[in-house]
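Here the structure comes first, spelled out in structure tokens, and everything after it is commentary.
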Amino acid sequence: MIRLFSSKSALLFSGLLIAFLHLCAAGQAGEKQKEKTVVKSATEPSNVVAKIGDYVITREELEKRLLSELSPDEYEGYGEKAQPVNAKTVLLRMIAEKAMVMDAREKGYLKDGMTEMLVERYRQRRLVNLLLQKNLQDKLTVADSEIEEKMKTDPKLDRAKAEALLKNTKMRILFEQYYRQIYEKFHVIKISDNFPKVVEIHERLLLRPKTLQKISFIRNSQINDELTPEERDMVLATYDHGKVTLKDWLENLCESAPPSRPRDLNTVEGVERLLERTLTMPILVSEAQLAGLDKDENLLKQVKEYEDSRLLSQAKLTKYKEVEEPTAEQIAAYFNKNKKVFGTPDIVKIDPIWCQDLQAARKVKAELDSGKDFESVKQEYSLEKQGKPFNTAPGSEGVFWEDLWKGDPNEIIGPIKGFYRDGIKWRIIKILEKNQGVVKEYSNDMENHVKQKMLDEQRNTLLEKYNRELLKKYPYEIYAKRIKDIEPLNIP
């Protein structure tokens, strides 16, 4: 009998098993003419703030997006002041994104080869996770005695880590047993006569590609561009309800990063080993479909959401391609008009006391104003008692930067708000140092940075124009009374 899970091939399933273990843990634990103001809808839940086509946007989604747009992009690298946001503007942008998805569907973007492959791969993985959850989750139990015994073998393990290691090991055993049963049930037949042809084709794609590359490895694009239809459809194995072709085999190969790909694919034995790995997903998917799990409503919802994310990205990229790259002269001219943006940013060194709410922040400030020691007050009240002073800049503070910059060294300011983890909290801040940014002169090594800034601006302008066109094309509704009380800076 073939050993399906050798030490080398076991790594293939680690991602699948980890995802399943996480599932188990979770189980245990605008244009005005188009807008319509609606006071109350008898058909939409009260938390729905807008709809377009089959899509609805909830208040919770809007608030999450508002926080996201408020939060600065520290990696953007431009020293510009953050612009204020409001609920209606952000909501219109969210509606426009849904319109982009609808437009991309109409234009058939889902039929794009790479998009189609990624969506199907996502669907299969979610479907297999559902299958494993249904059939193995209840069996994935670890007794207290097993955990205690595991901890004795390694004193460095705490209870949580010991339990995780035991569950991981048990899951691998359960998975291998379960998969072996399905493998035998589906009567797998390998077409070994085709394996020597696979060796030849693999060598051709790897060593003699049509487009020469500095580093030699097979790419997904070669599967469609460099294989004949007969080669792509060459059957390497059959099983009840399906088959595996050379195209499937190569796509499975391309899922692995080049350094971790098998080194023995110049042999029929190596071809067969990779075929065994390639068979795993389609066989499990077939078993899941036989059980009717492909009709699961939550699964269908997840796949639709993934499709939407891919379509939105593709719609944006398609628009971005319309932007022409600026010339060297245009780049230099843009820099000269926006020198401060590309200089070193203003910096403030601060020591914050993060507070649970405004009332707590006022109490902290009052005690400091009365002469109490800053560090002792911090240790008593701060949500981050071990926090150290640090440098911050406009790119980190966003809309809260100006409040900080108004302070002087050794001054204690506040209460003012700031970004705290995934939300916004009140804080009292001791200003330690202030250093004004320095304007730089243009040099050739700044060209790419300036060019990217120009391209970002042009792309955003183009996208805004496209959004306005789409909002005229696709009717939408905004439930205005449901967003009138949303203040972005008051979102917890």
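The values are calculated or read from the model by the stated rules, or taken from the named source; none is laboratory data. Being a predicted model, the structure only gives us computed values, none of them experimental. Here the Cβ positions follow ideal geometry from the backbone for every residue, glycine too, while neighbour counts run over all protein chains shown.
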message: Here is a list: TRP426, TRP401. Which entry is aromatic (Phe, Trp, Tyr), at pLDDT below 95 and surrounded by 18 or more Cβ atoms within 10 Å (Cβ to Cβ)?
response: TRP401
task: Tell me, please, whether a residue that is modelled with pLDDT under 95, over 30 Å from ASN252 (Cα atoms) and of a type in the set (A, V, I, L, M) can be found in segment 133-143.
output: yes
task: Any residue in segment 82-105 that's more than 13 Å from ASP54 (Cα to Cα): show its pairings with residues that are polar (S, T, N, Q) and part of a helix (DSSP H, G or I) at Cβ separation under 7 Å, as long as the two are six or more apart or on different chains.
output: ALA96/ASN467; ALA104/GLN314
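Specify the residue that is farthest from LEU432 (Cα to Cα); the eligible residues are those in segment 330-356 that are charged (D, E, K, R) and modelled with pLDDT under 95. Please lay out each step first, then the result.
Filtering segment 330-356 for residues charged (D, E, K, R) gives 337, 339-340, 346, 349, 351.
Add one more test, that the residue is modelled with pLDDT under 95, and what stays is 337, 339-340, 346.
Values: LYS337: 33, LYS339: 28, LYS340: 24, ASP346: 14 Å.
The residue in question is LYS337.
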- line: Result of the Cβ filter at 9 Å on segment 359-373, keeping first residues that are closer than 17 Å to ASN410 by Cβ and partners that are buried (at least 19 other Cβ atoms within 10 Å of the Cβ) and basic (Lys, Arg), at least 6 apart or interchain, is LEU368/LYS430
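Is it true that GLU148 is more than 30 Å from the chain's Cα centre (by Cα), surrounded by 12 or more Cβ atoms within 10 Å (Cβ to Cβ) and over 21 Å from LEU293 (Cα atoms)? Don't jump to the end; show me each part of the working.
On the way: more than 30 Å from the chain's Cα centre (by Cα): yes; surrounded by 12 or more Cβ atoms within 10 Å (Cβ to Cβ): no; over 21 Å from LEU293 (Cα atoms): yes.
In short, no.
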- line: Of the residues in segment 337-360, those that are among the aliphatic types (A, V, I, L, M) and not in a helix (DSSP H, G or I) come to ILE347, VAL348, ILE350, ILE353
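Kindly establish whether THR211 is among the β-branched types (Val, Ile, Thr) and surrounded by fewer than 17 Cβ atoms within 10 Å (Cβ to Cβ). Outline the logic, then answer.
On the way: among the β-branched types (Val, Ile, Thr): yes; surrounded by fewer than 17 Cβ atoms within 10 Å (Cβ to Cβ): yes.
Criteria met by THR211.
If only one of GLY395, GLY387 is surrounded by 18 or more Cβ atoms within 10 Å (Cβ to Cβ) and of a type outside the set (Ser, Thr, Tyr), which one is it? Break it down into steps so the answer makes sense when it comes.
Details: GLY387 fails: surrounded by 18 or more Cβ atoms within 10 Å (Cβ to Cβ).
Answer to the selection: GLY395.
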- prompt: Taking segment 234-275, which residues are charged (D, E, K, R) and either in a loop (DSSP other than H, G, I, E, B) or surrounded by fewer than 21 Cβ atoms within 10 Å (Cβ to Cβ) (or both)?
  reply: ASP240, LYS243, LYS247, GLU251, GLU255, ARG261, ARG263, ASP264, GLU269, GLU272, ARG273
task: Kindly indicate the residue of segment 361-384 that is polar (S, T, N, Q) and part of a loop (DSSP other than H, G, I, E, B) and also surrounded by the most Cβ atoms within 10 Å (Cβ to Cβ) among those meeting that condition.
output: SER382
- prompt: Before we move on, is ALA361 touching a Cys at 6+ places or on another chain (Cβ under 8 Å), modelled with pLDDT of 95 or more and outside the structural domain of VAL119 (by TED's automatic domain parsing)?
  reply: yes
task: Identify, from the list ASP308, ASP294, the residue that is under 16 Å from TYR109 (Cα atoms), of a type in the set (Asp, Glu) and either in the same structural domain as LEU132 (by TED's automatic domain parsing) or assigned to a helix (DSSP H, G or I) (or both).
output: ASP308
- line: Note: among VAL285, VAL268, just one is β-branched (Val, Ile, Thr) and under 21 Å from LEU130 (Cα atoms), namely VAL285
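Considering only residues that are surrounded by 15 or more Cβ atoms within 10 Å (Cβ to Cβ) and not small (Gly, Ala, Ser), look in segment 406-423 and name the one that is nearest to LEU489 (Cα to Cα). If you could, list the steps in order and put the result at the bottom.
Initial filter on segment 406-423 (surrounded by 15 or more Cβ atoms within 10 Å (Cβ to Cβ)): 407, 412-420.
Remaining after also requiring not small (Gly, Ala, Ser): 412-413, 415-417, 419-420.
Values: ILE412: 22, ILE413: 18, PRO415: 14, ILE416: 11, LYS417: 8, PHE419: 10, TYR420: 12 Å.
So the residue we want is LYS417.
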- request: Any chance you could count how many residues in segment 291-302 are crowded, with 18+ Cβ neighbours inside 10 Å and under 30 Å from ARG459 (Cα atoms)?
  value: 0
- request: For GLU324, work out the one condition from (1) closer than 23 Å to ASN460 by Cα; (2) in a helix (DSSP H, G or I) it doesn't fulfil.
  value: (2)
message: For segment 232-251, which positions are closer than 14 Å to ASP193 by Cα and over 33 Å from the mean Cα position of the chain (by Cα)?
response: MET234, VAL235, LEU236, ALA237, THR238
- request: Tell me which of these THR461 doesn't satisfy, since it passes every other one: (1) surrounded by 14 or more Cβ atoms within 10 Å (Cβ to Cβ); (2) farther than 30 Å from ASP373 by Cβ.
  value: (1)
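If you check GLN222 against the conditions, is it within 26 Å of ASN129 (Cβ to Cβ) and among the polar types (S, T, N, Q)? Steps first, answer last, please.
Numbers: within 26 Å of ASN129 (Cβ to Cβ): no; among the polar types (S, T, N, Q): yes.
Here the answer is no, as GLN222 does not meet what is asked.
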